[in-house]
Amino acid sequence: MTVTVEKGARATRKNRHPGPRNPRSPHPRNSYALFLLPGALAALAVIVIPFLMNTAVSFTSWQGVGDPKWTGLANYRDLLGDSEFWASFRHSLFMVVAMAAVPTLVGLVLAAALFDYIAKHFGTRIAAILRACFYLPQVLPIAVAGIVWSWILAPDNGSLNALLKAVGLGSWQQDWLGDPDIALYSVMGVMVWVQLGFPLVVFMAGLQRVDPQLYEAAELDGAGWWRRFWHITLPQIRPEIYVVLTWCTIAALKVFGAVYVLTKGGPGGATDVPSYFSFTTFFEKTQVGYGAAISTVLTVIILVLSLAFLKLQTRAEDAEEGART
């Protein structure tokens, strides 16, 4: 028995030290690291170092010229009592509804309808054309889309007010972007139009990998479109739903271009969001340290939400994998 144990130990040591490698043998991990190195350096130069510099500036009082004055956590204490800062975050929640919740729900229904109904009854070409039409706002520069929508929503000669007057609904005419009570909802409507194409395309791509036999079996069992959507489509494309919600929520929290082009945060701060509030504080009020504190808080919130979404997605995938085994 002792001899057997000694032989086993020698075999283990031999396996742990296999000897010199052939210099021509492949080293996959080292090869992958070389490919990742440019991306890591770019992320370090474009993301990590600017974020650390911005965080350092947030602990100072600085007008953008001269030497910054170290103030510690003073900017963050001021943020806690800044009503404009909290109002901008409340507006961000409305943007999350407009850019994440509504496009995801509508995109799900439209993707299922195009894939499961339009493509079968009218042909895949019609479905592809409709998909391209829905995705078109995504490829338009946000400045162009914003200018077009500012013409459409203009109070005097805008297309929307002209249409309402033409159909006998002149009493519904509004100053869509100039009235503080409805300006935020007008911007939300524009952002739904802009954002809808992204979830639609992702969900239609996800539906391509769903086994068609599931739908055929459901149809043979007499399941209608809604039951197939609820019991087959939704569970099968759950990973795509997580990705879309994460991506769109992050986009909503850092939205800037549309607000800048349409309303510039107005009227009276009714459409101000944290990114635009940080921009005006940073460049127009020249309170560089305070603006840096706003952007730092926004970045931390986005990171926390992203990690939470990834954690939920991983947990759901583990639970699904466990149910299969």
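Split the accessible area of the chain by element, probe 1.4 Å, and carbon with sulfur accounts for 66%. Candidate cross-link partners of residue 165 among the aspartates and glutamates, defined by an alpha-carbon separation under 12 Å and a same-chain spacing of 8 or more, comprise 156.
If only the Cβ of Lys and Arg carry +1 and only the Cβ of Asp and Glu carry -1, the dipole of the chain around its Cα centre is close to 1800 debye. If the cut-off is 13 Å between C-alpha atoms, which aspartates and glutamates fall inside it for residue 120, apart from same-chain ones fewer than 8 positions away? Correct list for residue 120: 216. Of the trypsin sites (Lys or Arg not before Pro) in segment 227-275, the ones in a loop by DSSP (not H, G, I, E or B) with at most 14 other beta carbons within 10 Å are 264. Excluding same-chain neighbours fewer than eight residues apart, the aspartates and glutamates reachable from residue 285 by a Cα-Cα span under 18 Å are 67, 78, 82, 84, 272.
If you take the beta carbon distance between residue 76 and residue 181 as r and set R0 to 35 Å, what does 1/(1 + (r/R0)^6) give as a FRET efficiency, to the nearest 0.05? In this case the efficiency is close to 0.65. Counting only protein heavy atoms and a 1.4 Å probe, the chain has 62 square angstrom of accessible area per residue. Between residue 67 and residue 299, the modelled label-to-label distance comes to 2.5 nm, taking each label 7 Å out from Cα in the direction of the beta carbon.
The values are calculated or read from the model by the stated rules, or taken from the named source; none is laboratory data. What you are looking at is a predicted structure, and each value in this text was computed from that prediction instead of being measured. Here the Cβ is made from the backbone with ideal geometry for all residues, glycine too, and neighbour counts use every protein chain on show. In case anyone asks, the SASA skips ligands and DNA or RNA and just uses the protein heavy atoms, side chains included. Shrake-Rupley method; radii C 1.70, N 1.55, O 1.52, S 1.80 Å.
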